[in-house]
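Everything below concerns the one structure shown next.
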Amino acid sequence: MSEVSPKVAKPQLRGLLHTQIKKNLLLTGISVVVAAVYMRFVFGDQRKRNYAEFYKNYDIDKEFDRMRNKGLFESCEPDE
Amino acid sequence: MAGKLMLFGKIAHNIPGSSIQRCAMSSYVRTLIGKREIVGFGFNGEPNYVDRTDFPLPAIRWKEPSPDVLTLREKEKGDWKLLSIEEKKALYRASFCQTFAEFKAPTGEWKSVIGLGLVFISVAFWIFYGMKVFVYSPLPDSFKKENREAQLRRIIDLQMNPVEGIASKWDYEKDDWKK
């Protein structure tokens with residue numbers, strides 16, 4: 001009918017949904033693994049380090065006195 | 001339902017007719033399609049014509065039969081290699097309105113969709129401005145600059161979210177933001 005000289009590769013005619021689902025499942029798996037590794041090893045550990053850093057030299061009584069002397073508490077008076 | 005009653009009527013009175021399908025339709029619908037030939041069930045059983053990619057088999061032919069087309073139909077019953085390109089195209093256009101390429105061609109409708117959507121959004125912005133000027137009461141005092149600064153000072157003094165939040169950005173030795 002129409003003139004097509006170069007040979008076109010035969011397209012996939014059957015099992016199209018199957019192929020689509022396999023590809024989608026593969027991409028899902030990869031993105032799940034990447035997200036999990038990032039959240040655990042990059043994000044989570046950074047957060048743990050931040051907390052450890054904060055509490056290493058944290059003196060709670062000093063902070064309490066600082067806030068009390070600014071008059072921020074209702075139940076405790078500031079020092080004279 | 002009227003169609004089913006007519007069907008029973010046909011069997012009871014033995015009215016000569018071609019197919020059950022033709023009788024299971026009201027006479028009003030038959031007048032709408034004129035002389036067009038019904039060639040299948042269609043996508044919903046009604047004698048309609050729609051160009052659809054997901055159901056490419058309309059229930060009726062596109063054009064009413066003409067003498068030329070009827071002779072071509074007879075020729076179509078033989079070897080298709082004997083049909084010329086023009087005859088094949090004529091047969092196609094007699095049964096179908098557009099080719100796949102024609103009805104799948106882009107219409108540019110998305111441009112008017114986005115344009116009209118943006119127009120309505122702009123109107124919404126104007127309405128919001130009108131509401132702000134004429135309808136809403138004034139904001140409370142806590143929105144003023146001095147009040148918000150005092151609130152921020154209190155948040156820092158109470159050391160709220162000290163590990164990763166706002167107080168973690170404040171240097172308590174220098175009493176200023178961390179550099």
Q.
B:E86 - would you say it is assigned to a loop (DSSP other than H, G, I, E, B), loosely packed, with under 11 Cβ neighbours inside 10 Å and within 14 Å of chain A (Cβ to nearest Cβ)?
A. no
Q.
Can you pull out every residue in segment B:57-68 that is open to solvent by 60 Å² or more (accessible area, probe 1.4 Å) and more than 10 Å from B:R36 (Cα to Cα)?
A. B:L57, B:P67, B:D68
Q | Matching residues, segment A:58-71, being loosely packed, with under 11 Cβ neighbours inside 10 Å and within 12 Å of chain B (Cβ to nearest Cβ) | A | A:D59, A:I60, A:K62
Q) Looking at segment B:138-155, is at least one residue of a type in the set (K, R), in contact with a Ser or Thr (Cβ under 8 Å, 6 or more places away or on another chain), assigned to a loop (DSSP other than H, G, I, E, B) and open to solvent by 80 Å² or more (accessible area, probe 1.4 Å)? A) no
Q: Could you tell me which numbered condition B:E173 fails, if it satisfies all but one of (1) within 14 Å of another protein chain (Cβ to nearest Cβ); (2) surrounded by 10 or more Cβ atoms within 10 Å (Cβ to Cβ)?
A: (2)
Q: With respect to B:K81, determine if the residue is open to solvent by 90 Å² or more (accessible area, probe 1.4 Å) and in a helix (DSSP H, G or I).
A: yes
Q. If A:H18 satisfies every condition in (1) more than 14 Å from chain B (Cβ to nearest Cβ); (2) under 30 Å from B:I155 (Cα atoms); (3) part of a helix (DSSP H, G or I) but one, which is the exception?
A. (2)
Q. Would you pick out the residues in segment B:69-78 that are assigned to a loop (DSSP other than H, G, I, E, B) and either touching a residue at least 40 places away in the same chain (Cβ under 8 Å) or open to solvent by 80 Å² or more (accessible area, probe 1.4 Å) (or both)?
A. B:K77
Q: Would you mention how many residues in segment B:89-128 are in a helix (DSSP H, G or I) and more than 22 Å from B:P65 (Cα to Cα)?
A: 24
Q: Filter segment B:123-171 down to residues that are under 52 Å from the mean Cα position of the chain (by Cα) and of a type in the set (K, R) and give me whichever is modelled with the lowest pLDDT.
A: B:K169
Q.
So the check is Cβ under 6 Å with 6+ separation or different chains; which pairs have a first residue in segment B:86-98 that's within 14 Å of B:E76 (Cβ to Cβ) and a second one that's surrounded by 14 or more Cβ atoms within 10 Å (Cβ to Cβ) and of a type in the set (F, W, Y)?
A. B:S95/B:W62
Q. When you look at A:E74, is it within 14 Å of chain B (Cβ to nearest Cβ), open to solvent by 80 Å² or more (accessible area, probe 1.4 Å) and in a loop (DSSP other than H, G, I, E, B), yes or no?
A. yes
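The values are calculated or read from the model by the stated rules, or taken from the named source; none is laboratory data. Owing to the predicted nature of the structure, the values given are computational and were not obtained by experimental measurement. Here Cβ is always computed from backbone atoms with ideal geometry, including for glycine, and neighbour counts include all displayed protein chains. Accessible surface is based on the protein model in full, side chains and every heavy atom, while ligands, DNA and RNA are left aside. Shrake-Rupley method; radii C 1.70, N 1.55, O 1.52, S 1.80 Å.
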